[in-house]
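Asks: Can you keep this structure in mind? I'll have questions shortly.
The values are calculated or read from the model by the stated rules, or taken from the named source; none is laboratory data. Keep in mind that this is a model prediction, so the values were computed, not measured. Note: ideal-geometry Cβ built from the backbone for every residue, glycine included; neighbour counts use all protein chains shown.
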Amino acid sequence: MLKINRRTFAAGSAALALSPRLADAQDNKKLLRFVQNGNLTILDPIWTTAYVTRDHGYMIYDTLFSTDEAGAIKPQMVDKYDVSPDKITWTFTLRDGLEWHDGKPVVAEDCVSSLKRWGARDPMGQKLMDFVAGLEAQNEKTFTLKLKEPYGLVLDTLGKPSSNVPFMMPKRIADTDPFKQIDSQVGSGPFIYVNAESKPGEKHVYVKNAKYKPRAEPASGLAGGKVVKAERVEFIDMPDPQQQVNALIAGEIDMIEQVPHDLIPILKKDKGVQTVNWNPLGQQFVLRMNWLTKPFDNPKIRKAALYCMRQEDYLKATVGEPEYYKVCTAAFVCGTPNGVEIQGDLLVKPDFEKSKALLKEAGYDGSPVVLMQSTTLPVLTNMAPVTKSLLEQGGFKVDMQSMDWQTVVTRRAKKDPADKGGWSAFHTYAIAADILNPIAANFTVANGDKAWFGWPNDPEMEKLRDAYSKETDPAKSKALAAAVQNRALETAQYAWLGQWYGPGAARANVKGWLKAPVTVLWNVEKT
């Protein structure tokens, strides 16, 4: 068994101390200590797409619809819904027993306000709202969604599993400007956030919502009955991966969301822990470029950057073991209905001379690429150094700036020039469930200020996305998805840099970790 370095671990010990009411062994079975894949500081899951914030959202909020383990859309807060024969008017009725954490009932007006705020930020929500003629509460339990014309992705949109998730909030909170962060954590979900005991940088505390009424169906993916089996959950902030592994082996924590690949063999040798493949579809690495600032405001310079990319360099540097990664040039994930690989060597084999030629054509003046490097999200830490090396071989000047992930998340929202606190590029990743089609994928949105960070503006791309959203024939939809992919390469909207897979880890006595695109902690218990 691996021996813990107590001096290294001491900084986190205060965060792991049990509260008095959970100090004995029996009560300890009701406590789950969970380490996320990153540091949670922003608590508004509509304001940011950060996965750590999305996970926080699933703890305290609920959704109208959810996706089960097979990806099917199922009602969650909704009891029943009806669609008019012309497919224009959708009517939704909430189920009984829904209550906010402050004791007030959930009413239809809350849901209307929540959908409007979410629909101003999320790409699938934005596209749905383009088709919406009216969204109104009819009474306390019923609201209607009236469309301008039939739209085939209504339920897929309302049941969107990942960032941004259409979480329901009280009207007074949901009425907050979507471009400002909310200042309240009142939801109707299975857990209640304990603000008084939470301290960003150390831990976030949640307790079981005793008044929550789960659905009767068994839990499946993100759907079904959200039955809480732990009385208390603590999200422990512990950025050092080795420290996480040591703490798990020692029983100081119960679950790790994502284990760095080089540490998986250590865990597999210990009988007291288990690895859990909770997200079988995996993830995709991405490089996002800023269309508003030098040098990537120039399309030829963005395209030059694409000619420098080599997926396997990133996958080897970050994942290492070939069993956990796949070179894949399909923007919408290999092995899925829209997973069409591109022709040629782009993203797979660099052409540095082509990059230099494009830079010369574009009149590149040597403006440095301000590349943000995350140092606290282990799976991303090695991405930026690879990009720096590849771009420099292609004729770029690169200024790589290191910072923690939450600083990246905050700074990427700035539109200032790169040399005045802004940025040129950063790396992130998306779970496969977020990028299975051109409407779900944040990275393909190209409507300027309304687009995801980087703010691409390309009317042709938006026409293709519109066409995809209206198409009902699977073969034609696949062709349109391929056209979106080709357009993204043509304008160098972003770079997708390979698929990867990685398990979470838990103590051997932790049961009930659901297979889903998101780590959720209902159904989980310690035996």
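Asks: Identify all residues within the range 117-132 that are outside any loop (DSSP other than H, G, I, E, B), closer than 18 Å to Leu155 by Cβ and not aromatic (Phe, Trp, Tyr); write none if there are none.
Replies: Listed by number, the residues that qualify are Gly119, Pro123, Met124, Gly125, Gln126, Lys127, Leu128, Met129, Asp130, Val132.
Asks: Only one of these is of a type in the set (Gly, Ala, Ser), surrounded by fewer than 21 Cβ atoms within 10 Å (Cβ to Cβ) and more than 17 Å from Asp175 (Cα to Cα): Ser66, Ser84. Name it.
Replies: Ser84
Asks: Tally up the residues in the range 87-131 that are among the hydrophobic types (A, V, I, L, M, F, W, C), in contact with a Lys or Arg (Cβ under 7 Å, 6 or more places away or on another chain) and within 28 Å of Met461 (Cβ to Cβ), please.
Replies: So the answer is 3.
Asks: Restrict the check to the range 478-495 and report whether at least one residue is more than 29 Å from Arg117 (Cβ to Cβ) and either hydroxyl-bearing (Ser, Thr, Tyr) or in the same structural domain as Val165 (by TED's automatic domain parsing) (or both).
Replies: yes
Asks: Okay, moving on. Helices (runs of 4 or more DSSP H) wholly in the range 277-378 with at least 1 residues that are more than 25 Å from the chain's Cα centre (by Cα) and crowded, with 21+ Cβ neighbours inside 10 Å - which ones?
Replies: In the range 277-378, the matching helices (runs of 4 or more DSSP H) lie at 299-306, 352-362.
Asks: Name, by its number, the condition in (1) out of contact with any Cys (no Cβ under 6 Å at 6 or more places or on another chain); (2) crowded, with 22+ Cβ neighbours inside 10 Å; (3) within 27 Å of Pro280 (Cβ to Cβ); (4) touching a residue at least 40 places away in the same chain (Cβ under 8 Å) that does not hold for Pro456.
Replies: Every condition holds for Pro456 apart from (3).
Asks: Right, something else. Which condition breaks for Tyr193 when tested against (1) among the hydroxyl-bearing types (Ser, Thr, Tyr); (2) within 24 Å of Lys141 (Cα to Cα); (3) not assigned by TED's automatic domain parsing to the domain that holds Thr89?
Replies: Failing condition for Tyr193: (2).
Asks: Evaluate the following for Gly339: is it in contact with a strand residue (DSSP E or B) (Cβ under 9 Å, 6 or more places away or on another chain) and under 30 Å from Asn164 (Cα atoms)?
Replies: In short, no.
Asks: May I pose another question? Name, by its number, the condition in (1) over 30 Å from Ser220 (Cβ atoms); (2) surrounded by fewer than 19 Cβ atoms within 10 Å (Cβ to Cβ); (3) not hydrophobic (A, V, I, L, M, F, W, C) that does not hold for Thr527.
Replies: (1)
Asks: Another one. Keeping to the range 226-241, report how many residues are of a type in the set (Asp, Glu) and over 12 Å from Phe191 (Cβ atoms).
Replies: 2
Asks: Turning to a different aspect of this structure: For the range 486-524, name all the residues that are among the polar types (S, T, N, Q), surrounded by fewer than 24 Cβ atoms within 10 Å (Cβ to Cβ) and closer than 23 Å to Val319 by Cβ.
Replies: Result: Thr519, single match.
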